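Remarks on the structure that follows.
The values are calculated or read from the model by the stated rules, or taken from the named source; none is laboratory data. Values in this document were obtained by computation on a predicted structure and should not be read as measured data. Backbone-built Cβ (ideal geometry, glycine too); neighbour counts: all protein chains shown. Only protein heavy atoms, including side chains, enter the accessible area calculation; ligands, DNA and RNA are left aside. Shrake-Rupley method; radii C 1.70, N 1.55, O 1.52, S 1.80 Å.
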Amino acid sequence: MNKMIGLCLNQVKPSFRLASTAGVTLSLCTNLFVSSVNAASETARSADSFVDSIGVNTHLYYQNSAYYQKYEELIKPKLLELGVRHIRDGGTRNLNGYLDRLKELAKQGIRCTLSFDPRTITPQEAVALNKELGKDVVAGVQGPNEYNNSGDSNWVNTLRNYQQQLFKAIKGDSATASLPVYGPSLTSEDAINAVGDLSNSIDYAAMPNYYSGRHPGTQGWGFNGYGSLKWNVDLIRKYGGSKPVVTVETGYHNTTSAEGHMGVPEEVAGKYYPRLFLEQFNYGIHRTFGYELINESNDGNNLYKNFGLLRHDGSEKPAFVALKNLIRVLKDPGPNFTPTALDYVLSGNTTNVHHTLLQKRDKKFYLVLWQEVSGFEVNARQYINVPTQQVTLTLNTPIAKATTYLPNKSTQWVKQDTNPKQITLDVPDYPMVVELEPS
């Protein structure tokens, strides 16, 4: 994985930017949530659809890695503890018991998205592999990963032909036809321009969106919003057209001394990581795969080895804890249902306060609030103090009980209000979840 910051999906206004005066009207228009000073009801989204949008990258068949050597005692237990339902890995044969591990994880509720490469497997072999695993194991099929860096002097034609043949082969077999096919992931704007339109050979456009140490809601750090989510989505449209988008790689490394692709300290990444998934969910990104589960070595000076949610020894970084707790608070597996609306107003100091409104099947609402601001100045390599902001939540929908959680710290509630009409909240720069039980 070449961590190209030029392909850092910038967030298109992931959560809503809230008015600092009266209240907020939220609507979704061309994948963009916008705010208004007029208070109105907002229709929630399924809490479990957010949880299902979260994935993580792994390398389960890398023989010299912790993924292989410590699979039973570390990797599998930590995947289950994290609570994600999706991993992204390589489409390869049964190296080192790889396929058996994918099947085992699927029995525990973790399905895989596999990326296939023309150097190692033909489209017909990819179909056979997916049939062997079955749809209970495989959630998606992706074209080549970063093939523009393969050294193939004819890489554009090779990639285009392979993606077209892979799509045709997957869709041409009744056993695999329902699997979504993701496009290739590329590492530069020039590579995307060179490949051209692939929209007829994909179900989803695939993009890596690294923020180079900037916060998930960054508006970019160069000309025309370079590096922002909007910039990256607009760029991936050049090959994906109007097809929906998945993020196949994103995240933060913790080598703060690195140049180029900048890093952030672990505690800052712990605040950014859950916000990243919320921001992308709000923007309409179908699924987001964080990179990656565990550091690839103990070398703290190599940025490419320090993207993990876990340290190399398996100990949990703050980002792992924050994501694990957020999933535990919001998960709600079960059949599809139609979420309802909540009538409420946010007022007070709402500058840079973003939110996501979710609902579970028991009709409880979950209003997630956070400050979408920077916590670390990457060029100066300095922490930024972010005080909480006082926000008033006015509830026009009758609520029997409101329970507030701070998942970055714990899954235990920190405050409860009975029959509230207004609640004063001190919103931090990490997610605050307010559970609202209707009367």
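Using a 1.4 angstrom probe on the protein heavy atoms only, line up Arg45, Arg214 by accessible area, largest first. Intermediate values should be presented prior to the final figure.
Working: Arg45 85, Arg214 45 Å².
These residues rank, largest area first, as Arg45, Arg214.
Between Lys238 and Lys131, what is the label-to-label distance in nm when each label sits 7 Å out along the Cα-to-Cβ direction?
It works out to 3.8 nm between the two label points.
Take the Cα gyration tensor of segment 316-406, multiply each eigenvalue by 5, square-root it, and list the three semi-axes largest first, rounded to whole angstrom. List each step's numbers first, then the result.
On the way: eigenvalues 164, 79, 21 Å².
The answer is 29, 20, 10 Å, longest axis first.
Based on the mean of other Cβ atoms within 10 Å per residue, sort peptides 185-193, 82-90, 416-424, 338-346 so the most packed one is first. Show your work: numbers first, answer last.
On the way: 185-193: 19.7, 82-90: 21.9, 416-424: 13.1, 338-346: 16.9.
Top to bottom by mean Cβ count within 10 Å: 82-90, 185-193, 338-346, 416-424.
How far apart, in nm, are two points set 7 Å out from the Cα along the Cα-to-Cβ line at Thr411 and at Lys171?
4.1
For the chain, with a Gaussian network of springs between Cα atoms less than 10 Å apart, report the residue from Arg275, Arg160, Arg119 with the top mean-square fluctuation.
Of Arg275, Arg160, Arg119, the Gaussian network model singles out Arg119 as fluctuating most.
When all C-alpha to C-alpha distances in the chain are sorted into bins of 10 Å, what percent of pairs does each bin hold, rounded to whole numbers?
Taking every Cα pair in the chain, the percentages come to 5, 22, 32, 26, 13, 3, 0.
Taking 0.36 nm per residue of sequence separation and subtracting the Cα-Cα distance, how much length would be gained by fully extending the chain between Ser297 and Gln124, in nm to one decimal?
Values: separation 173, 0.36 × 173 = 62.28 nm, distance 3.53 nm.
Gain on stretching Ser297 to Gln124: 58.7 nm.
Order Trp413, Trp370, most accessible first, counting only protein heavy atoms with a 1.4 angstrom probe. All intermediate terms of the calculation are to be shown ahead of the outcome.
Working: Trp413 130, Trp370 0 Å².
Most to least solvent-accessible, the answer reads Trp413, Trp370.
Who wins for biggest fluctuation among Tyr182, Tyr62, Tyr283 in a Gaussian network model of the chain, springs between alpha carbons below 10 Å?
Looking only at Tyr182, Tyr62, Tyr283, the largest GNM fluctuation is found for Tyr62.
Give a quick list of GluC sites (Glu not before Pro) in segment 201-279 that DSSP marks as loop, anything other than H, G, I, E or B, with at most 10 other Cβ atoms within 10 Å. Mind dumping the intermediate values first?
Working: sites: Glu249, Glu259, Glu266, Glu267, Glu279; in loops: Glu259.
Qualifying residues, ordered by number: Glu259.
I'd like the carbon and sulfur percentage of the solvent accessible area for the chain, probe radius 1.4 Å, heavy atoms only, ligands and nucleic acids excluded.
On the way: 7640 of 16450 Å².
That share works out to 46 percent.
Under unit Cβ charges (Lys, Arg +1; Asp, Glu -1), what dipole magnitude, rounded to 20 debye, does the chain have relative to its Cα centre? Intermediate results must be reported in sequence, preceding the final value.
Numbers: 43 positive and 41 negative charges, 137 e Å.
In debye, rounded to 20, the chain gives about 660.
Could you state the accessible area per residue of the chain in Å², with a 1.4 Å probe and every protein chain left in place? Please list the in-between numbers first.
On the way: 16450 Å² over 439 residues.
Accessible area per residue, the chain: 37 Å².
Given Lys70/Lys364; Lys107/Lys238; Lys103/Lys324; Lys171/Lys238, which pairs have Cα atoms separated by over 28 Å?
Numbers: Lys70/Lys364 40 Å; Lys107/Lys238 38 Å; Lys103/Lys324 23 Å; Lys171/Lys238 23 Å.
In this structure, Lys70/Lys364; Lys107/Lys238 lie more than 28 Å apart at Cα.
Sorting check: for 359-369, 51-61, which peptide has the highest mean count of neighbouring beta carbons within 10 Å, and how do the rest follow? List each step's numbers first, then the result.
Values: 359-369: 20.4, 51-61: 22.7.
Ranking, from highest mean packing down: 51-61, 359-369.
Going by Cα centres, segment 66-98 and segment 368-439 are how many Å apart?
Centre-to-centre distance over Cα atoms comes out at 34 Å.
Give me the number: length gained by fully extending Glu72 to Ser315, i.e. 0.36 nm times residue separation minus the C-alpha to C-alpha distance, one decimal in nm. Intermediate results must be reported in sequence, preceding the final value.
Details: separation 243, 0.36 × 243 = 87.48 nm, distance 1.55 nm.
Stretched out fully, the Glu72 to Ser315 stretch lengthens by 85.9 nm.
On a 0 to 90 degree scale, rounded to 10, what angle separates helix 229-240 from the longest Cα axis of the chain?
Rounded to the nearest ten degrees, it is 40.
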